[in-house]
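Only one structure is covered here, and it is reproduced in the block below.
The values are calculated or read from the model by the stated rules, or taken from the named source; none is laboratory data. Everything quoted here is computed from the prediction, not taken from an experiment. Counting neighbours? That spans all protein chains shown, and the Cβs are built from the backbone with ideal geometry, glycine included. These accessible areas exclude ligands, DNA and RNA; they are computed on the full protein's heavy atoms, side chains included. Shrake-Rupley method; radii C 1.70, N 1.55, O 1.52, S 1.80 Å.
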Amino acid sequence: MNRRVFVLGLGASLFAPRFSTLAQQPAGKIWRIGYLTDASASDPVSVRRLDLFRQGLRDLGYVEGKNINIEYRYAEGRSERLPELAKELVGLKVDILVVANDRTAQAAKKSTATIPIVMTSSGNPIGNGLIASQARPGGNVTGLTSYTAELLGKRLGLLKEVVPKVSRFAFLNDQSGEASAEAFKDAQSTAKFLRVKLQLVEVKAPNPDIEGAFRLMLKDRIGGLVTSPAPPIAFHRKRILELTEKNRIPAIHPAEQWANAGGMMSYGANTVEQLRRAAVFVDKIIKGRTPADLPVEGPMKFDFVINLQAAKKIGVTVPQSVLFRADKVIQ
């Protein structure tokens with residue numbers, strides 16, 4: 001595939017990749033898609049997300065082995081492996097790279113300035129230098145973001161309704177999770193309005209001390225927990241859920257997968273919708289659109305899920321006023 005680079009400007013150089021019109025490729029071409037994630041290939045949530053993405057492609061007429069081939073690379077929770085895996089996919093001359101989040105997108109972008117990159121769920125694409133703006137990304141990266149500044153405050157408010165007597169809450173985040181750190185600052189106004197304290201508890205990848213984080217929360221008498229959507233936190237979902245149950249800490253999480261796995265509550269972007277729309281981005285690029293001109297889209301649908309079994313295990317009674325607002329209740 002022939003791609004040319006134009007140098008514009010006086011004194012400074014602005015490099016803008018020019019993508020060949022993919023729609024002009026020969027009929028019957030089999031498109032090669034690279035799929036890069038920092039998750040584990042055996043993680044049920046990762047498997048589910050991949051199935052949803054492939055279903056989205058099938059709905060648009062793309063079938064593996066017929067008109068698309070997908071090359072998969074999993075970092076197995078080791079983010080330091082992402083640059084190497086991204087280079088592998090670029091070396092295979094894939095037509096499009098599909099990435100799971102900001103870390104995978106950054107690794108992909110550092111490996112190629114020409115291959116289109118589609119994000120399925122970015123946390124902070126502008127702050128992390130992936131795009132110039134949501135309306136006009138301006139490079140080879142586009143796709144979806146799951147971040148809105150109000151989400152952390154919304155989760156805190158929902159949890160406070162369930163445990164009204166609690167006044168000390170913690171936000172468990174990855175130390176390098178910039179979008180979540182910004183959300184934490186934004187959520188302080190909500191905490192002030194609710195007359196509660198929201199404390200930041202951070203862990204450091206690639207080997208986050210989850211047990212240490214919970215010891216700190218117990219020491220500080222934290223009565224409620226909000227978890228971050230950062231990949232290192234999601235990768236340790238199972239252990240976090242075990243510790244919230246063991247220590248009887250009411251918690252709300254960023255995605256339905258947490259509630260399905262035993263978390264008490266979750267509120268976040270609808271995963272099915274996000275991955276279906278990611279497939280639409282792939283389709284648009286195949287048909288000739290360029291990432292630079294494809295606006296990055298935010299979440300359109302949110303799901304509030306309550307797991308009553310998990311609540312019962314830690315002695316929490318969810319008020320009917322909250323149950324009525326849930327999109328899904330796990331009995």
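Quick grid of which residues meet (1) open to solvent by 20 Å² or more (accessible area, probe 1.4 Å); (2) over 16 Å from the mean Cα position of the chain (by Cα); (3) more than 21 Å from Ala105 (Cβ to Cβ):
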| position | (1), (2), (3) |
| --- | --- |
| Ser42 | yes, yes, yes |
| Asp59 | yes, yes, yes |
| Arg73 | yes, yes, no |
| Gly77 | yes, no, no |
| Glu84 | yes, yes, no |
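Would region 296-304 turn up any residue that is at positive phi and either modelled with pLDDT under 95 or open to solvent by 30 Å² or more (accessible area, probe 1.4 Å) (or both)? Steps first, answer last, please.
Of the residues in region 296-304, the ones at positive phi are none.
No; the residues of region 296-304 include none that is at positive phi and either modelled with pLDDT under 95 or open to solvent by 30 Å² or more (accessible area, probe 1.4 Å) (or both).
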Original post:
For region 199-222, what are the residues that are in contact (Cβ under 8 Å) with a residue 40 or more places away in the chain and open to solvent by 20 Å² or more (accessible area, probe 1.4 Å)?
Top reply: Ala205, Pro206, Asp220, Arg221
Subject >> Selection status of Gly288, in a loop (DSSP other than H, G, I, E, B), closer than 26 Å to Ser133 by Cα, open to solvent by less than 40 Å² (accessible area, probe 1.4 Å) and in contact with a Leu (Cβ under 6 Å, 6 or more places away or on another chain) >> reply: yes
Original post:
Residues in region 144-157: is at least one open to solvent by less than 40 Å² (accessible area, probe 1.4 Å), more than 25 Å from Arg32 (Cα to Cα), under 19 Å from the mean Cα position of the chain (by Cα) and of a type in the set (Lys, Arg)?
Top reply: yes
**OP:** Could you give me the residue pairs with C-beta distances under 8 Å whose first residue belongs to region 307-331 and is over 20 Å from Ile249 (Cβ atoms), whose second residue is of a type outside the set (A, V, I, L, M, F, W, C) and part of a helix (DSSP H, G or I) wherever it lies, and which are 6+ apart or on separate chains?
**Re:** Ser321/Glu161; Lys328/Glu256; Gln331/Gln309
Original post:
So Gln274 clears everything in (1) in contact with a helix residue (DSSP H, G or I) (Cβ under 6 Å, 6 or more places away or on another chain); (2) in contact (Cβ under 8 Å) with a residue 60 or more places away in the chain except one condition, right? Which one?
Top reply: (1)
**OP:** Might you check whether a residue that is touching a Lys or Arg at 6+ places or on another chain (Cβ under 9 Å), over 24 Å from Ala183 (Cα atoms) and touching a residue at least 24 places away in the same chain (Cβ under 8 Å) occurs anywhere in region 118-135?
**Re:** no
Original post:
Conditions: (1) part of a helix (DSSP H, G or I); (2) in contact (Cβ under 8 Å) with a residue 60 or more places away in the chain; (3) touching an Asp or Glu at 6+ places or on another chain (Cβ under 8 Å). Leu243 meets all but one. Number of the miss?
Top reply: (2)
Original post:
Restricting attention to region 279-294, does a residue exist that is over 22 Å from Ile210 (Cα atoms), at pLDDT below 95 and in contact with a Phe, Trp or Tyr (Cβ under 7 Å, 6 or more places away or on another chain)?
Top reply: no
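From Val118, Val141, Val162, which residue is at pLDDT 95 or above and touching a Gly at 6+ places or on another chain (Cβ under 7 Å)?
Values: Val141 fails: touching a Gly at 6+ places or on another chain (Cβ under 7 Å); Val162 fails: touching a Gly at 6+ places or on another chain (Cβ under 7 Å).
Of Val118, Val141, Val162, the one residue that is at pLDDT 95 or above and touching a Gly at 6+ places or on another chain (Cβ under 7 Å) is Val118.
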**OP:** Consider Ala183 carefully, then state whether it is at pLDDT below 95 and either more than 23 Å from Ser146 (Cα to Cα) or of a type in the set (A, V, I, L, M) (or both).
**Re:** yes
Original post:
Before we move on, is Val196 in contact (Cβ under 8 Å) with a residue 24 or more places away in the chain and more than 22 Å from the chain's Cα centre (by Cα)?
Top reply: yes
Original post:
Tally time: how many residues in region 167-198 are of a type in the set (Gly, Ala, Ser), under 24 Å from Ala39 (Cα atoms) and open to solvent by less than 30 Å² (accessible area, probe 1.4 Å)?
Top reply: 4
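Could you tell me whether region 239-255 includes any residue that is of a type in the set (Gly, Ala, Ser) and farther than 15 Å from Leu159 by Cα? Steps first, please.
Taking region 239-255 and keeping what is of a type in the set (Gly, Ala, Ser), we get 251, 255.
Of the ones still in play, those that are also farther than 15 Å from Leu159 by Cα are none.
No, that holds for no residue.
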